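Okay, structure first, notes after.
Just so it is clear, none of the values below were taken in a lab; they were calculated from the coordinates. Please read these numbers as outputs of a predicted model, since none were measured by experiment. Reconstructed Cβ throughout: ideal geometry from the backbone, glycine too, with neighbour counts over all protein chains shown.
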Amino acid sequence: MSDLIPAPVPELTEPYRTTERLALQAQARRFAADEVKPIADEYDPHKWQMPRSLLDAMGEQGYFGIMVPEEFGGMGCGVFEYAMIAEELARAWMSVASIIARAQGLGTEFEDDAKRRELLQRSARGEWIGAAGFSEPEAGSDLAGVSTRAERDGDEYVITGDKRWIGNAKAADFIQVLCRTEDAKPGEKRSAGLATIIVEKERDAFPAGLTGSTIDKIGYHGFLTWDLTFDGVRVPAANLISDQGTAAFRDTQKWLNIARVHTAARAVGLARAAVEDSVLYLQEREQFGHPIGDFQALRFMLASMAARVEQARAFYRQVADLLDRGEPCERESAMVKLVATEMAVEVTGDAMQLHGGNGYTTERQVERYWRDARLTTIFEGTSQIQLKIIADSLLPRSPLE
Ligand SMILES: Cc1cc2nc3c(=O)[nH]c(=O)nc-3n(C[C@H](O)[C@H](O)[C@H](O)COP(=O)(O)OP(=O)(O)OC[C@H]3O[C@@H](n4cnc5c(N)ncnc54)[C@H](O)[C@@H]3O)c2cc1C
């Protein structure tokens, strides 16, 4: 095993290469290999939640505050560094690359300046890690159909309704809940009357009025995913952090674009893992008296996988860089999410094929890469929704919608 040649580790290239980024990349790669992967290999087969000690270690590395300004204790970096680190973490375990998205200043958009500043500092330290409560049993791709209500009652909002798929809900410090505070009036967009409310909570507990049950997934282990029922959950009125009239709501598109690039980077991390493991396996496994890597059919498959990973990486870095330059990039963000996640499903599937029967076991990790990659074309907006966004940017809106 020791004389096998490993896959070349991807380097940061021009025009993105800086000393600081190289150091961040090297640090994240070490952390992923030494701290994350051993836990992933042990925990994922049991569907266990990642241990708090790992979250604490990530907090010490600064990974919850990559995009939080330095004055609040964050790294003060941009989307580029965020995506680059996410790729490194996802190479070891996708859930770890995902949990960092639940911080980065999320859920801190309170009007009260002192509270906002305190939460930003906690966010950067990994002490304000949230859950995103958008989807519902009847509202997935069509979030304008959200029916969870938040009714004003004096100084409070009272939340009632069902949410589905809410990752990390119980372990979180807060849940960001997309609610309807009013019905859309005739002639208004269907999304009118939607608002985001922060439910503050104790870790590993639900507040009064909130109950949940876990959903048994085929992958994306490391944190639990919940069906939630809000039955009169009371929060202070100040916890409504964005409705259609606020700057925070207008920032939503920017966050969606960042989330799509982040997902593309996670997909690249998974596909790269599949290539790296395959490079070793093709040298290790012998059939017909030869390492299977001698067979041209398999060499070409591997070469094609590696080329597709490089292509997707170059694309996510380009879009991340454009976002950091303040370009809107809605279409490009949808394109890179689409292309990178579909690529990851293909490449991780090809890696299973290269591993033969061993690829279809839990003795190796390619099955994990495939299970996790399979989700990337579904969550954060399905591939069909990305295609719709791209098409709507190229053609007049369809009258059929
Ligand atoms: C493991 C997991 C974790 C998740 N985590 C979270 C989370 O933490 N928070 C959260 O809020 N949500 C989360 N989600 C929800 C996720 O974002 C939704 O599953 C996703 O947006 C799709 O919604 P849906 O499952 O209801 O599918 P549907 O919207 O019902 O889609 C079904 C099919 O129809 C297609 N489709 C729908 N509309 C159109 C259209 N207009 N044109 C063409 N095709 C269309 C879809 O592409 C899909 O193929 C998670 C989901 C999963 C599976």
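Details
- Against the chain, whose longest principal axis is taken from its Cα atoms, helix 19-31 shows a tilt of about 80°.
- Selection of GluC sites (Glu not before Pro), region 89-160, meeting DSSP coil and at most 15 other Cβ within 10 Å: E111, E138
- Expected-Rg normalisation [2.2 N^0.38 Å, Cα atoms] applied to the chain: 1.01
- FRET E, pair F295, T362, Förster distance 25 Å, beta-carbon r, rounded to 0.05: 0.45
- Cα-projected label distance for D231 with E60, points at 7 Å along beta-carbon direction, nm: 4.3
- E11-A144 pseudo-label distance in nm [points 7 Å out on the Cα-to-Cβ vector]: 5.0
- When V339, V268, V177, V79 are arranged by Cβ crowding within 10 Å, least crowded first, meaning fewest neighbours, the order is V339, V79, V177, V268.
- Cα pair distances in region 130-243, grouped into 10 Å bins until the bin that holds the longest one, percent each: 15, 48, 29, 7, 1
- For region 203-291, the fraction of alpha-carbon pairs in successive 10 Å shells from zero, as %: 12, 19, 29, 20, 10, 7, 3, 0
- Each of S333, S147, S95, S383 was scored by other Cβ atoms within 10 Å of its Cβ. Listed from fewest to most, they are S147, S383, S95, S333.
- Packing, as the average of other Cβ atoms within 10 Å across residues, places the peptides 164-176, 292-304, 230-242 in the order 164-176, 230-242, 292-304, highest first.
- Each distinct pair of alpha carbons in region 19-125 adds a 1/r term; the inverse of their mean, the Kirkwood radius, is 14.2 Å.
- Percent of Cα pairs exceeding the 25 Å cut-off, where the set is region 250-394: 33
- Residue order, fewest to most surrounding Cβ atoms within 10 angstrom, among Y220, Y63: Y220, Y63
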